[in-house]
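Each remark here refers to the structure printed beneath this line.
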Amino acid sequence: MPIEPASASPAPSASSSVSGGSSVSGGSSDGATCSACGSGAVGEDGRCGDCGHLAAGVEHAEETLELPEDPSGDLVVHGAGVTDRGHRRRRNEDAFALTRAVTAEGTPVVVAVVCDGVASVPGGATASRTACDVAVAAGHEALSGGQDLEEAAATAADAARRAVAALAPAAGSSPACTYVAAVLDTERAVISWAGDSRAYWLSPARPDESGVLTEDDSWAAEMVAAGIVEAEDALSDPRAHVITRWLAADAPDVVARHRGWPLDDTGVLLLCSDGVWNHLPDPAVLAALLTADEGAEESPVDVHAGALALVDAALHEGGHDNATAIVLAVAARG
Ligand SMILES: [Mn+2]
Ligand SMILES: [Zn+2]
């Protein structure tokens, strides 16, 4: 079993915690044994027939989620995630998880993770799938055990780090991935990251209030932050997208960074891999791709259509990389 904590406690099945359903295609692990429950067979759709767990390397997958009845609040969270292999890469080494958890006090919480497997070493798809599964399992356990959002976010990121590090063979290169996660209730989110997958705050009604919540762990971002290179020059440098932090056995300084963010009902939290933001780095452009949900007046945007639109826009721009987006909208309960 390559997955350290998940072998003892299977990751919560995404399909059991979604209300809007899910779909997936092009699984490359058809016929394999499920890495989460250890007994089910992975079907043509990339999912375990027993527990619903999503295998690594799935070409295209979608999930939707709505936060369950919140006894204390008048806000609700709608979420949707989409990942796609893109047009140029042989397989999808991105992965995502979108799940619902409950705190010790009974408050519903969303735990969402996007990881991007590093393509230059083998095992990127396994690294990203492992990090997502282990992070949500550890995050759920931490929340039900009494940890607050900040503590649970740190617990999840650290569990993911250790699990990906444990994938490393005795000799040779270590499977690696980036990590960006959000642990949120209807009032605030804690964002965690290592690498260049990003979190954005998007305001469809006021696009100029949209912005990036994470700082890339990349050559370009570090050169600009240090005042060594101008932003325009940094991004055209061949080293621009070399990441400076990641999850792996051989990663330097792999403690994820964390940032708190207050939520209100006017905006949307986006988690995405660089396959989306490389094509569409401008937060206002991303916000403009989200559309109002005509059918559900309680959500500021149609989260499923929004996640699909973001990934489709990246594919339309060339789709050079795997592309993944999770859209989380907080809304006043209707
Ligand atoms: Mn990528
Ligand atoms: Zn299974």
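Could you figure out which of (1) touching a residue at least 12 places away in the same chain (Cβ under 8 Å); (2) not in a loop (DSSP other than H, G, I, E, B); (3) not hydrophobic (A, V, I, L, M, F, W, C) isn't true of R239?
All conditions pass for R239, except number (2).
With respect to D216, is the statement that it is in contact (Cβ under 8 Å) with a residue 12 or more places away in the chain and in a loop (DSSP other than H, G, I, E, B) true? Show your work before the answer.
Numbers: in contact (Cβ under 8 Å) with a residue 12 or more places away in the chain: yes; in a loop (DSSP other than H, G, I, E, B): yes.
Yes.
Consider A323 carefully, then state whether it is at pLDDT 90 or above and touching a Ser or Thr at 6+ places or on another chain (Cβ under 6 Å). Before you say what the answer is, go through the steps one by one.
Working: at pLDDT 90 or above: yes; touching a Ser or Thr at 6+ places or on another chain (Cβ under 6 Å): no.
No.
Keeping to segment 90-99, report how many residues are surrounded by fewer than 23 Cβ atoms within 10 Å (Cβ to Cβ) and either over 19 Å from the mean Cα position of the chain (by Cα) or closer than 22 Å to A80 by Cβ (or both). Even if it seems obvious, please write down each step before you answer.
First, the residues of segment 90-99 that are surrounded by fewer than 23 Cβ atoms within 10 Å (Cβ to Cβ): 90-91.
Subset that is either over 19 Å from the mean Cα position of the chain (by Cα) or closer than 22 Å to A80 by Cβ (or both): 90.
Count: 1.
Would segment 253-265 turn up any residue that is closer than 25 Å to L315 by Cα, of a type outside the set (A, V, I, L, M) and either more than 16 Å from ligand 2 (Cβ to nearest atom) or surrounded by fewer than 14 Cβ atoms within 10 Å (Cβ to Cβ) (or both)?
We begin by selecting, within segment 253-265, every residue closer than 25 Å to L315 by Cα; these are none.
No.
R245 is checked against (1) buried (at least 18 other Cβ atoms within 10 Å of the Cβ); (2) under 15 Å from N278 (Cα atoms); (3) among the basic types (K, R) and fails just one. What number does that condition carry?
Status for R245: all satisfied but (2).
How do the pairs read when you match residues in segment 49-62 that are touching a residue at least 12 places away in the same chain (Cβ under 8 Å) and over 22 Å from H304 (Cβ atoms) with residues anywhere that are buried (at least 18 other Cβ atoms within 10 Å of the Cβ) and among the acidic types (D, E), using Cβ under 9 Å and keeping only pairs 6 or more apart or on different chains?
Pairs found: A56/E93; G57/E93.
Looking at (1) more than 13 Å from ligand 2 (Cβ to nearest atom); (2) in a loop (DSSP other than H, G, I, E, B); (3) more than 27 Å from H320 (Cβ to Cβ), can you tell me which one R89 breaks?
(3)
So that you can scan it fast, the table gives a plain yes or no per residue for (1) modelled with pLDDT of 95 or more; (2) surrounded by 20 or more Cβ atoms within 10 Å (Cβ to Cβ); (3) over 29 Å from A104 (Cα atoms):
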site	(1), (2), (3)
E151	yes, no, no
D158	yes, no, no
L167	no, yes, yes
A171	no, no, yes
S174	no, yes, yes
C177	yes, yes, yes
A189	yes, yes, no
A194	yes, yes, no
Y200	yes, yes, no
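The values are calculated or read from the model by the stated rules, or taken from the named source; none is laboratory data. As the structure is a computational prediction, the values presented were derived from the model and not from experiment. Note that each Cβ is placed from the backbone with ideal geometry, even for glycine, and that neighbours are counted across all protein chains shown.
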